[in-house]
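K.L.:
One structure, pasted below without further comment.
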Amino acid sequence: MRRDPLMHDMLMSIPKQTDNEAVQGWIERRRKETGGLFRVIASAETGAAVGFIQIGEVHHHNRIAHGGLAVSHHIQGKGLGRAAMSMIVQLGREELGLRKLMAEIRDDNFASIKLHLAAGYRIIGTMEQHFVDTKGDAHNVLLLERIL
């Protein structure tokens, strides 16, 4: 997943390197982020990584953070995203003691927008031409929030 440029454009993340060492370093940085969390989603059948959830950019005084998830294209539409979103909300509330989760989603990422809205998020604004993808195209980004 870390090597999929289309996924990264949708996740609004452009890694500089995607070799094994760089991917492992990225995972370790996510896991060690102060106050946040990172979990790899593995296939029950094969044990292979098929996605991840993360909570970062934690503001400790206000107990607010950004949550996010990614699921491999080949397993989308099977309910894993809903389960992952539920886990983000639960862990944010119970493990991190958050009171609000935020999300930033490209306005053309319809599956993610639908998933977040179904999980109780609401759209609170649009950041125009906020993310420039690997081709140089600028995209609007929706800002969403969910009170926990």
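The values are calculated or read from the model by the stated rules, or taken from the named source; none is laboratory data. Only a predicted model underlies this, so the values are computations on that prediction, with no experimental measurement involved. Ideal geometry is used to build each Cβ from the backbone, glycine not excepted, and the neighbour counts take in all protein chains shown.
K.L.:
What single numbered condition from (1) surrounded by 12 or more Cβ atoms within 10 Å (Cβ to Cβ); (2) in a helix (DSSP H, G or I); (3) not polar (S, T, N, Q) fails to hold for H74?
P.N.:
Unmet for H74, out of (1) surrounded by 12 or more Cβ atoms within 10 Å (Cβ to Cβ); (2) in a helix (DSSP H, G or I); (3) not polar (S, T, N, Q): (1).
K.L.:
Considering the stretch 77-91 alone, what residues qualify as being closer than 17 Å to L117 by Cα and either in contact (Cβ under 8 Å) with a residue 24 or more places away in the chain or among the charged types (D, E, K, R) (or both)?
P.N.:
Result: L80, G81, R82, A84, M85, S86, M87, I88, V89.
K.L.:
Go through L91, L101 for me and flag whichever is farther than 16 Å from I41 by Cβ, crowded, with 16+ Cβ neighbours inside 10 Å and not small (G, A, S).
P.N.:
L101
K.L.:
Say whether the condition of being surrounded by 15 or more Cβ atoms within 10 Å (Cβ to Cβ), on the phi > 0 side of the Ramachandran plot and modelled with pLDDT under 75 is met by at least one residue in the stretch 6-14. I'd like the intermediate steps shown before the answer.
P.N.:
In the first step, residues of the stretch 6-14 are kept if they are surrounded by 15 or more Cβ atoms within 10 Å (Cβ to Cβ); the result is 7-12.
Within this subset, residues satisfying the condition of being on the phi > 0 side of the Ramachandran plot are 12.
From what's left, modelled with pLDDT under 75: 12.
Within the stretch 6-14, one or more residues are surrounded by 15 or more Cβ atoms within 10 Å (Cβ to Cβ), on the phi > 0 side of the Ramachandran plot and modelled with pLDDT under 75.
K.L.:
Hey, among the residues in the stretch 86-118 that are under 14 Å from the mean Cα position of the chain (by Cα) and small (G, A, S), which one's nearest to G68 (Cα to Cα)?
P.N.:
So the residue we want is A103.
K.L.:
While we're here: Pairs only if they're at least six apart or on different chains, beta carbon under 8 angstrom, first in the stretch 15-34 and closer than 18 Å to G67 by Cβ, second assigned to a loop (DSSP other than H, G, I, E, B) and at pLDDT below 80; list them, first residue then second.
P.N.:
As it stands, the answer is W26/R2; W26/P15, since those pairs meet every condition given.
K.L.:
Let me ask another. Anything in the stretch 119-145 that is modelled with pLDDT under 95 and among the hydroxyl-bearing types (S, T, Y)? List them, or say none.
P.N.:
T134
K.L.:
Scan the stretch 109-124 and give yes if some residue there is surrounded by 18 or more Cβ atoms within 10 Å (Cβ to Cβ), of a type in the set (S, T, Y) and more than 18 Å from I27 (Cβ to Cβ), otherwise no.
P.N.:
Yes, the conditions are met somewhere in the stretch 109-124.
K.L.:
Under 6 Å between Cβ atoms, which residue pairs at least 6 apart in sequence (or on different chains) link something in the stretch 47-65 that is of a type in the set (S, T, N, Q) with a partner that is buried (at least 17 other Cβ atoms within 10 Å of the Cβ) and not in a loop (DSSP other than H, G, I, E, B)?
P.N.:
Q54/R30; Q54/F38; Q54/G68
K.L.:
Please determine whether any residue of the stretch 61-70 is over 14 Å from L98 (Cβ atoms) and in contact with a Phe, Trp or Tyr (Cβ under 6 Å, 6 or more places away or on another chain).
P.N.:
yes
K.L.:
Going through the stretch 118-148 one residue at a time, which ones are aliphatic (A, V, I, L, M) and touching a residue at least 12 places away in the same chain (Cβ under 8 Å)?
P.N.:
Selection gives A118, A119, I123, I124, M127, V141, L142, L143, L144, I147, L148.
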